[in-house]
Structures are given as C-alpha cells and as structure tokens.
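Q: One structure follows; several queries about it will come next.
Just so it is clear, none of the values below were taken in a lab; they were calculated from the coordinates. Predicted model, so just to flag it, every value in this text is computed and none were measured. Neighbour counts are summed over all protein chains in view; Cβ atoms, including those assigned to glycine, are modelled from backbone coordinates with ideal geometry.
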Amino acid sequence: MEQASQLVNGSADGLTEISRQELYRRLRDSSLKIVDVLPAEAYASGHIPGAISIPLDEVNDRARELIPDRDAELAVYCASVT
C-alpha cells in the first residue's frame with residue numbers, strides 16, 4: 001500500500017507488498033483505491049474492477065489529476081516477467 005502523496009511524489013518509502021488474498025480482503029473492508037500501472041492496452045484487455053489506470057510512464061504527469069485525495073490508501077499493481 002502507499003499513500004497517494006507517495007505515488008505523486010515518486011517516493012518509495014512506506015511501501016508494503018501484500019498478497020492477492022490480502023488485497024481482496026482490504027477491498028471488501030475499506031475505501032482502498034487501486035492503481036493499475038500497466039500499459040493502456042493491458043488495462044483494456046482486463047483489470048480489477050474499479051481500478052484507476054495510470055500507465056507507469058504517465059504516473060508523474062497524471063497521478064494528481066486522477067487521485068486528488070493525497071491521503072488515500074492505494075494499492076498499486078503491475079505485471080512483471082521473471
């Protein structure tokens with residue numbers, strides 16, 4: 001999770017990795033906002049319902065516009081290949 005101000009400011013302090021199960025629990029129990037940083041094409045092909053799409057290369061330019069509540073609790077997700 002990260003606060004909106006950390007996403008907007010590019011700070012990595014205070015980030016915590018959580019499991020898929022924990023994410024779903026928090027979605028049911030809070031006003032958690034989800035930010036999908038995948039490219040727009042990937043978001044269009046499938047995403048968590050209600051997720052805000054901000055492709056990673058656009059985060060610095062668009063986060064303040066799309067997440068005005070800088071104290072919001074966020075879950076930021078993307079896919080990676082290992």
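Q: For I18, project a label point 7 Å along Cα to C-beta. Then give me every residue of segment 26-51 with its amide nitrogen under 20 Å of that point.
A: It comes to 26-38, 47-51, nothing else.
Q: If you don't mind, another one. Between R26 and R70, what is the spin-label point distance in nm, taking each point 7 Å from the Cα along the Cα→C-beta axis?
A: Going from the R26 label point to the R70 one covers 2.1 nm.
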